[in-house]
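Each remark here refers to the structure printed beneath this line.
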Amino acid sequence: MIRRAVAVCVLSLAGALGVTSCAHSVPHPPYVGQPTSALVRVDVPPPPARVELVPDVPSPSAVWVDGEWIWRRERWAWLPGRWVEVPDGVAFSPWVFLRGPDGRLWVAPGVWRTLAGTPVDPPASLAVASVETGVVVTADGATEITGPSVRQRPRPVASASSSVR
């Protein structure tokens, strides 16, 4: 099977200049926001996103969940994007990274939730993106080894709820 990046490029003319932009053309799951109670404090921002090769869609009803950085063992690890079948009555809360007004850093991992907001186990991956692991360049230009990619999200560890203040 040939793996390929899935993107559609659209040509837009602004005056006499041609400007090309690319947009994803893959179906995504229904989304729901992250509650502030899902935020966990971290010490360093995540590296830039990794480039992923998206495998062919495995079924007509599959949707694509983008890859994300997860905070694991006091460092960032990449969870590759994947094709899944969306279970009835659930939506996906994509991962969020933010800086609070006081400068502290917070992250909430991507989570599947019922429509009432209760987290549920993720659906099984039908196909997973190919991604290179290793060194990435951080926002300040330094290189950082981020560790291996993980194939599935680690089980959450019970912790006290936190919020941005």
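Derivation of every value follows stated rules applied to the coordinates shown; laboratory data play no part. This structure is a prediction, so every number in the text was calculated from the model and none was measured. Counting neighbours? That spans all protein chains shown, and the Cβs are built from the backbone with ideal geometry, glycine included.
Compute the length gained on full extension between T36 and D102: take 0.36 nm times their separation in residues and subtract their Cα-Cα distance, giving the result in nm to one decimal. Walk me through the numbers before you get to the answer.
Details: separation 66, 0.36 × 66 = 23.76 nm, distance 1.55 nm.
So the chain would gain 22.2 nm between T36 and D102.
Show me the ranking of peptides 68-77, 114-123, 55-64 by mean Cβ neighbours inside 10 Å, starting with the highest. Write out the running numbers ahead of the final one.
Working: 68-77: 16.7, 114-123: 12.7, 55-64: 14.7.
So the order, starting with the most tightly packed, is 68-77, 55-64, 114-123.
Two decimals, Cα atoms only, Kirkwood Rh: what is Rg/Rh over region 27-145?
Values: Rg = 15.3 Å, Rh = 15.5 Å.
With Rg and the Kirkwood Rh in hand, the quotient comes to 0.98.
Within 9 Å, Cβ to Cβ, of W106, how many net charges do the neighbouring residues add up to if Lys/Arg are +1 and Asp/Glu are -1? Please list the in-between numbers first.
Details: positive: R41, R99, R104; negative: none.
So the environment of W106 carries a net charge of +3.
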